[in-house]
Number of protein chains: 2
Amino acid sequence: MKCRICGAPAFVKLAAHNTTFCAEHFDAFFLRQVRRTIERFGMLEPDRPVVVAVSGGKDSLAVTHALSRLGYPVEALHIDLGIATGGFSAASLEITEKFCRQNGIVLHLYSLEEEFGRGVEALERGRRPFRSRSICSLCGMTKRHIMNEVALARGAAAVATGHNLDDMATALLANVLRWDGFYLAKTLPVLASEHGFARKVKPLALLSEEEILAYCRLHGIARVEGRCPFARDAKFLRYKALLNDIEQHSPGTKRAFYEGYLGYASLFRDHRQGRSGAPRPCGVCGLPTSSEVCTFCRLWRGAAPAAKPEEG
Amino acid sequence: MKCRICGAPAFVKLAAHNTTFCAEHFDAFFLRQVRRTIERFGMLEPDRPVVVAVSGGKDSLAVTHALSRLGYPVEALHIDLGIATGGFSAASLEITEKFCRQNGIVLHLYSLEEEFGRGVEALERGRRPFRSRSICSLCGMTKRHIMNEVALARGAAAVATGHNLDDMATALLANVLRWDGFYLAKTLPVLASEHGFARKVKPLALLSEEEILAYCRLHGIARVEGRCPFARDAKFLRYKALLNDIEQHSPGTKRAFYEGYLGYASLFRDHRQGRSGAPRPCGVCGLPTSSEVCTFCRLWRGAAPAAKPEEG
């Protein structure tokens, strides 16, 4: 196998693109794809910081690495979630710190234990009969809140996450199997800033897991080994495997599926409106919420909404 | 396991409906589902004949049986395709004739060999390097043409086919993976009569393969064993298997997927228009076509379009 561009020995074969690259030309290909995705969807601004949510996994490290090389003022945000099982959070923090040090990237650390005396695992275990599903939803809410808070505080153009094509296509499949118009309107590479939320961008939305793994291998990017012990629900993993099965038989299906959707996403926009009322500022933190006090402040800060004047 | 309605020993368990029925109450359930589908989509008219395309497979026999019991003036149409391999067409004809005789159903026979001296297999083998895929597309075109011709000649309200929920959901999955707006506009239980085409209806569109098999078992409906030797493409079968895998883990997914789509199908309607120009009558048979002479007449009747007055 030889590089399609220069004929040098191949570093990677990309079935979805029906092509083969040497290390150098794969690197150029990868950066070009990221740059094009950013430009096509108007994701970033050259002179405003972009806060990248860095978990220590391959996707978030790769997107940080690539954005930095493309010259964006990248600031990494690592949230220490306090997942003690398997030493997951400690390992994630170590990897992230080392990566940022080696690559000269500003790192903001947000430790739930330091801020609130305990992490998601301890909070969840204390809350109710323990279920790993509810820790995932607590964790997701917590991360979204902190990303918003930090991005707004830093005056960032956007929060970037490492979501890749496999993630997007899998979420899309799940949403389309339920024809959930609300989510079908927003399985997008960019979610505009609105109601005081920071803009959310996914610069790797058109790059596959396989391509990201190759990029990490090429640049010696070490990532956290293993998955979160409370990792995502089985349905999501099953849908991902199904798409991989289709992809194997028909390379390029995942990308065509997601690209095709992008041409239709606006059809679902009307269905998104009116799902919940316009948010108002949380009485405690000021970030947008649909209730008087946001879930984050209720759970982490123990803030209670004021008693309603009348009831019943 | 007991019947949910009467407590008698169960005949069938339907995971998608989270229920169990005895033979009698399953039968009532099945007929009710067919009747509701017909009414919901305005498929048929009580006093006009409905031509049912009967291949001899479980779906077409079940739909004929159910429509007849519901009191519709059913006329079966069997097309003898002339597939000699494995004696497939001969077996299909025999099953169909026996079924119609036993159930007192009018049967129209259309034999390609009698009409044109050869069937699809012979025509295809004589045409070009033989490929089983092209016989499928020839066969599909041929059947659609004859169904139209016979339905129009009989003044039928519609042509009914045995397509079931699994067929519809699988076709929908294939169409949505490509976001093919043209087909996404018409993966429907009813296609209205237009441009001189007969209306096409699928009264079993919301009943699963499993339910149809149980109905055949209940009524002792014998069907053709085995599949057509040139059966459908591997991709379709793979998608069907994937949906079954999802269904097994989350019973009801197939139906929710298809029902959800029905709420959105109209969004794709605009994309359907303008795909091809308005059809005109075929110069030979008079049925609608996009060219001067329809494909059916060109292939089966050897009719050639008139030479163009100028070329090149």
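The values are calculated or read from the model by the stated rules, or taken from the named source; none is laboratory data. Because the structure is a prediction, the values reported are computed rather than measured. Cβ coordinates were reconstructed from backbone atoms using ideal geometry, including for glycine residues, and neighbour counts include every protein chain displayed.
Does residue A:84 meet the test of being among the aliphatic types (A, V, I, L, M), more than 19 Å from the chain's Cα centre (by Cα) and not assigned by TED's automatic domain parsing to the domain that holds residue A:192? Answer is no for this residue. Quickly run through segment B:239-250 and pick out the residues that are surrounded by 15 or more Cβ atoms within 10 Å (Cβ to Cβ) and either within 19 Å of residue B:163 (Cβ to Cβ) or more than 9 Å from every other protein chain (Cβ to nearest Cβ) (or both). Of everything in segment B:239-250, those that are surrounded by 15 or more Cβ atoms within 10 Å (Cβ to Cβ) and either within 19 Å of residue B:163 (Cβ to Cβ) or more than 9 Å from every other protein chain (Cβ to nearest Cβ) (or both) turn out to be B:239, B:240, B:242, B:243, B:244, B:247.
Looking only at segment B:122-160, count how many residues are out of contact with any Phe, Trp or Tyr (no Cβ under 8 Å at 6 or more places or on another chain) and at pLDDT 85 or above. Outline the logic, then answer.
If we filter segment B:122-160 for residues that are out of contact with any Phe, Trp or Tyr (no Cβ under 8 Å at 6 or more places or on another chain), which is where we start, we get B:122, B:125-131, B:133-134, B:137-138, B:140, B:143-144, B:147, B:149, B:151-160.
Filter once more, so that each one left must be at pLDDT 85 or above: B:122, B:137-138, B:140, B:143-144, B:147, B:149, B:151-160.
Going through segment B:122-160 one residue at a time, the tally reaches 18.
Filtered by the rule that a residue be loosely packed, with under 13 Cβ neighbours inside 10 Å and in a helix (DSSP H, G or I), segment A:220-236 gives a lone residue, A:234.
Is there a residue being more than 16 Å from residue B:54 (Cβ to Cβ) and not aliphatic (A, V, I, L, M) anywhere in segment B:91-109?
Taking segment B:91-109 as the starting set, the residues that turn out to be more than 16 Å from residue B:54 (Cβ to Cβ) are none.
No; the residues of segment B:91-109 include none that is more than 16 Å from residue B:54 (Cβ to Cβ) and not aliphatic (A, V, I, L, M).
Residue-wise test of (1) touching a strand residue (DSSP E or B) at 6+ places or on another chain (Cβ under 7 Å); (2) outside the structural domain of residue B:120 (by TED's automatic domain parsing); (3) closer than 30 Å to residue A:170 by Cα; (4) among the small types (Gly, Ala, Ser).
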| site | (1), (2), (3), (4) |
| --- | --- |
| B:168 | no, no, yes, no |
| B:175 | no, no, yes, no |
| B:201 | yes, no, no, no |
| B:206 | no, no, yes, no |
| B:214 | yes, no, no, yes |
| B:225 | no, no, no, no |
| B:235 | no, no, yes, no |
| B:247 | no, no, yes, no |
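Pull up segment A:255-266, narrow it to residues that are more than 9 Å from chain B (Cβ to nearest Cβ) and touching a Ser or Thr at 6+ places or on another chain (Cβ under 8 Å), then point me to the one that is nearest to residue A:182 (Cα to Cα). Among them, the one singled out is A:265.
Could you check segment B:1-118 for helices (runs of 4 or more DSSP H) lying wholly inside it with 3 or more residues that are among the hydrophobic types (A, V, I, L, M, F, W, C) and surrounded by 16 or more Cβ atoms within 10 Å (Cβ to Cβ)? Walk me through how you get there before you give the answer.
Numbers: elements: B:23-40, B:58-69, B:88-103, B:112-116.
By residue number, B:23-40, B:58-69, B:88-103.
Among residues of segment B:78-106 that are under 18 Å from residue B:62 (Cβ atoms), those with a beta-carbon under 8 Å from a residue that is of a type in the set (Phe, Trp, Tyr) at least six positions away or on a different chain give the pairs B:78/B:110; B:105/B:99.
Tell me yes or no: at least one residue of segment B:44-55 is in contact (Cβ under 8 Å) with a residue 24 or more places away in the chain, within 16 Å of residue B:159 (Cβ to Cβ) and touching a Cys at 6+ places or on another chain (Cβ under 9 Å). Within segment B:44-55, one or more residues are in contact (Cβ under 8 Å) with a residue 24 or more places away in the chain, within 16 Å of residue B:159 (Cβ to Cβ) and touching a Cys at 6+ places or on another chain (Cβ under 9 Å). A search for C-beta distances below 7 Å between a residue of segment B:203-225 that is within 21 Å of residue B:258 (Cα to Cα) and any residue that is among the acidic types (Asp, Glu), counting only pairs 6+ apart in sequence or on different chains, returns B:204/B:59; B:208/B:166; B:209/B:166; B:212/B:59.
Just wondering, is there one or more residues in segment B:103-111 that are within 21 Å of residue B:193 (Cβ to Cβ) and not hydrophobic (A, V, I, L, M, F, W, C)? The answer is yes, given that some residue of segment B:103-111 is within 21 Å of residue B:193 (Cβ to Cβ) and not hydrophobic (A, V, I, L, M, F, W, C). Looking only at residues in segment A:166-184 that are surrounded by fewer than 20 Cβ atoms within 10 Å (Cβ to Cβ) and assigned to a loop (DSSP other than H, G, I, E, B), the one that is farthest from the other protein chains (Cβ to nearest Cβ) is A:180.
Might you check whether a residue that is within 14 Å of chain A (Cβ to nearest Cβ), outside any loop (DSSP other than H, G, I, E, B) and buried (at least 20 other Cβ atoms within 10 Å of the Cβ) occurs anywhere in segment B:195-215? Break it down stepwise before answering.
Keep residues of segment B:195-215 that are within 14 Å of chain A (Cβ to nearest Cβ), which gives none.
Looking through segment B:195-215, none of the residues is within 14 Å of chain A (Cβ to nearest Cβ), outside any loop (DSSP other than H, G, I, E, B) and buried (at least 20 other Cβ atoms within 10 Å of the Cβ).
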